[in-house]
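For reference, the structure discussed in these notes is given below.
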Amino acid sequence: SVAQCCKGPAKQRVHRALERILHRQLQAAGAEADLERVVPDLFCGVPGSEEGREAIMAVVAHFPGGCRQLWFDVTDRCPHAARYNEVPARSSSTIPGHAASEGVREKRQVYGSTFVLPIAFETYGRPASETVNILEDVVLLAAQHAKDRWGAPRLLQRWLLVLQRAVLWGVADLDLLALGAAASATEARIARAALL
C-alpha cells in the first residue's frame, strides 16, 4: 500500500494529519492539548539505560478541572498490508475494521496500559470500534466541561467526520505523490477547509 511506504517524507503524512485534527478538535472543545509529548509515566526500562524507551503520545490533553490527562496515540493501518492477510481466515481485506482493531491491539501490547487511548483508522476511513468507544467517552467529558449535555452527539459526529476526512485526504495526497503529481492549490484549499 502507498500509505505504508517507507520512502521519503510521505511515511507519516496520514499520521500527522490525524494527530493535528484530533489536537484541534480537543482544543475547540475546551481542552488543553499538546502535540507529540513525552509521557514519563509510560517510560519502559531503566532510566538512563539504552534499553529504555520513551513513550511519546501523539496528543496529550486534559479538560480544566479534570482529574487526569488523556493520552492519545493515533495510528493508520492499511487493510491490504501483508501482516494482516497472512492467514486467510483472518484476512483484514475481507473483514471490515480488522486492521484498525489490530492497530488498537498492538498499541495496547506496547503500552500495556488502559490509560493510553488508541485512535486507529484504516486507510479507507473506517475507525476501529474501540476508537469510536474512546471518542464517545471523550466527547462526554467535553460536553460535561461545556455544561452542554446535548453537545456530545454533535461533537462525536463532527470528530468522526473530520478524522475520517483527514485519513481520506491524506491517502489521496499520498496516491498523487506516488503518481508523481501533487494537489493543485484549489484542491489544497478545499482539503484544508474540509478539515477545519
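The values are calculated or read from the model by the stated rules, or taken from the named source; none is laboratory data. Everything numeric in this text was worked out from a predicted model, so none of it was measured. Virtual Cβ from ideal backbone geometry, glycine too; neighbours counted across all protein chains shown. Each accessible area value is taken on the protein alone, full model and side chains, heavy atoms only, with ligands, DNA and RNA left out. Shrake-Rupley method; radii C 1.70, N 1.55, O 1.52, S 1.80 Å.
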Subject >> Residue tally, condition in contact with a Gly (Cβ under 9 Å, 6 or more places away or on another chain) and modelled with pLDDT of 90 or more, over segment 65-118 >> reply: 4
Subject >> Unique match (being modelled with pLDDT under 90 and under 13 Å from the mean Cα position of the chain (by Cα)) among 14, 2, 38 >> reply: 14
Original post:
How many residues are among the hydroxyl-bearing types (Ser, Thr, Tyr) and open to solvent by 30 Å² or more (accessible area, probe 1.4 Å) if we restrict to segment 120-167?
Top reply: 2
